[in-house]
Amino acid sequence: MAILKVRIGSLELSNPVIAASGTFGYGMEFAERLDLAAIGAFSTKGLSLKPRGGNPMPRICETPCGMINSIGLENVGVDAFEMDKLPAIRKSGAKVIANFFGETEEEYTELARRLDAMDGVHALEMNVSCPNVEKGGIEFGSDPAFLEKLTAGVKKVCGKPLIVKLSPNVADIKPFAKAVENGGGDAISAINTLKGMSVDVKTRRPRIKRVIGGLSGPAIKPVAVRMVYECARTVKIPVIGLGGIASLDDALEFLIAGATAVQVGTMNFVEPGICQRLAEELNAYCEKEKIADIASLIGSLITE
Amino acid sequence: MGKILENRPLARGYYRMSFEADFAEARPGQFVMLRVGLTHDPLLRRPMSVAGFENGVCTVIYRSVGKGTAILAEIREGETVNALGPLGNWFDPPSDAKKILLVGGGIGVAPLRFWHRRNGGKNAVAYIGGATKEDILCKEEFAQTVITTIDGSAGTRGLITAPLVSALEGAYVLACGPKGMLKAVDDLCKEYGATGELSLEERMGCGFGVCLGCVVDTAAGKKRLCVDGPVFKTGSVQWQF
């Protein structure tokens, strides 16, 4: 076995393959489709203080090599997560990253405080980049000074590793990466979905009820690799890369570009066992290539 | 991955595919998510209602309406298909139901055909509607049928809800078809004293409850069509168009 262990702040993952938020439910939905303990970790559906019903239908549409979604952060709320979801997950041996979002700074802090205290939650992932809600989410991720302040405030109440998930819908992602680092964040995950839109030309209606949604899937991978590369060159904290990963080579691209770990999102819908498969393939690859420790692969991009 | 034993046109634009399933059983009303090729375009699986399941062979009926189903129609017998399933709940009429009406529109006949094959159905009458005679599928497979088409090319001209009305009193309805038809059936059941189950269809991302792309409003709150359905009791769906 090659050494696939990676560290995200104080959290050690057995391998760098993580299932991305919004594509993996609350974990147990995948219990019969893969071994939850065999993947690095999974990130929960984004949690809010109160349950949320989400956006009107239609919420998803398929686009070339991708899809657009506007779910609107529908979730059970943090109380139901703790009572109904977490006990079973705890027994599964999974490493759990709790993804969360608020509408105000106070809500972010309160959620972080709650999740930090929960046995079975190993790290927190702060969503400041959802394109599909009116308030909160993306607003907090579109001003570096505010993002730094928010990160610092949340980190004060959060002893567990704090990952901040960045939006690609900015002119330059580097100041945001720096803001997370300056605010004391333990890691960055990038990228969230790209704002996108699709029109049914027969009906002349948008194919998503809210017109604009978030584009994900293999279509966005080159944009994601570029942004992960930019983030990794800007900060010293780990960058978790995601955006369109569908194969071992895709995961390797992100790692070589500077990602310490990767997340798999949309492809969980198509191939529910993909995270475990990629973790196994990564191990086989390292053995074949005689890479003793995955660390030597991370950021190994050759540019000259 | 299952070997495709049959993939052929059933009527104009409609196909029937049978493949060796890697799951042991499916029940009428359940669906599978079929992967269309192994490239990323189209990316998502396609939900298909199970139209039959015997001796490990799963049958689906689909209409070639877009890029994905057009590719599916080109797959040859002997090649393989990747199916995730069986998914969702199933038709579950009470065992003492005296009169069962199977109401299907277009491709919605698929799960009704399956139910009929499983349960015989001496006391079941199939009401099958479509735009033209080409859209009336599987009619020869039911013991008793009532047919309507919008253009009058088969059966009575009009909507299937017209002949249904007089049969509804005290009946138990199993229906699958376009949303407009299902809402009309739902309303008529309430008006004429029938109960039953409606199988809804919707675009889906995953088919197993995590993408939240196929939610439906019901009397009991927001439900995921793929795992809380696709079959819902009459009177429970809050219809939105």
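Residues of segment A:85-119 falling in the label zone of A:Lys149, defined by backbone nitrogen less than 15 Å from a point 7 Å along Cα to beta-carbon, are A:104-109.
Here the label points at B:Lys133 and A:Lys195, each 7 Å from Cα along the C-beta direction, are separated by 5.4 nm in the simple model. Here r is the Cβ-Cβ distance between B:Tyr192 and B:Arg157 and R0 is 35 Å; the resulting FRET efficiency, rounded to 0.05, is 0.95. Interface residues of segment A:266-293, defined as a loss of at least 40 Å² in heavy-atom accessible area between the chain alone and the complex of all protein chains with a 1.4 Å probe, are A:Phe269, A:Val270. The contact residues of segment A:60-87, meaning those that lose at least 20 Å² of 1.4 Å-probe accessible area when all protein chains sit together rather than their chain alone, are A:Ile60, A:Glu62, A:Pro64, A:Cys65, A:Met67, A:Ile71, A:Glu74. The DSSP beta bridges internal to segment A:6-296 are antiparallel in roughly 40% of cases. Interface residues of segment B:221-241, defined as those with an accessible-area decrease of at least 30 Å² between the chain by itself and the complete set of protein chains (probe 1.4 Å), are B:Lys222. Under a model in which nothing but the beta-carbon of Lys, Arg (+1) and Asp, Glu (-1) is charged, segment A:6-296 shows a dipole of about 620 debye around its Cα centre. Would you look at the GNM of chain A, springs on alpha carbons closer than 10 Å, and say which of A:Ala179, A:Ala261, A:Ala284 moves the most? Highest fluctuation among the options: A:Ala284. The residues of segment B:127-168 expose on average 47 square angstrom of accessible surface per residue, using a 1.4 Å probe on protein heavy atoms.
Taking chain B as a whole, the Cys residues whose C-beta sits 4.7 Å or farther from every other Cys C-beta are B:Cys58, B:Cys138, B:Cys176, B:Cys189, B:Cys214, B:Cys226.
Taking every protein chain into account, the accessible area of segment A:6-296 amounts to 37 square angstrom per residue (probe 1.4 Å). Percent of accessible area on segment A:1-136 owned by carbon and sulfur, 1.4 Å probe? The nonpolar share, carbon plus sulfur, comes to 51 percent. Label-to-label distance, B:Ala24 versus A:Arg33, with points set 7 angstrom from Cα along the beta-carbon direction: 2.2 nm. Each other residue within a Cβ distance under 15 Å of A:Met28 adds +1 if Lys or Arg and -1 if Asp or Glu, for a net charge of +2. For chain A, the mean residue ellipticity at 222 nm estimated from helices alone is -8000 deg cm²/dmol, where every DSSP H run of n ≥ 4 contributes -39500 (n - 2.57) and the total is divided by all residues, rounded to the nearest 500. Label-to-label distance, A:Glu103 versus A:Arg7, with points set 7 angstrom from Cα along the beta-carbon direction: 4.0 nm. Once a ≥ b ≥ c are taken as the square roots of the eigenvalues of the Cα gyration tensor of segment A:6-296, is the result rounded (a/c under 1.5), prolate (a/b larger than b/c) or oblate (a/b not larger than b/c)? Rounded, since a/c falls under 1.5. Pairing chains B and A buries close to 2300 square angstrom of accessible surface in total, based on protein heavy atoms and a 1.4 angstrom probe.
The values are calculated or read from the model by the stated rules, or taken from the named source; none is laboratory data. Everything quoted here is computed from the prediction, not taken from an experiment. Note that each Cβ is placed from the backbone with ideal geometry, even for glycine, and that neighbours are counted across all protein chains shown. Side chains are part of the model used for accessible areas, which takes the heavy atoms of the whole protein and leaves out ligands, DNA and RNA. Shrake-Rupley method; radii C 1.70, N 1.55, O 1.52, S 1.80 Å.
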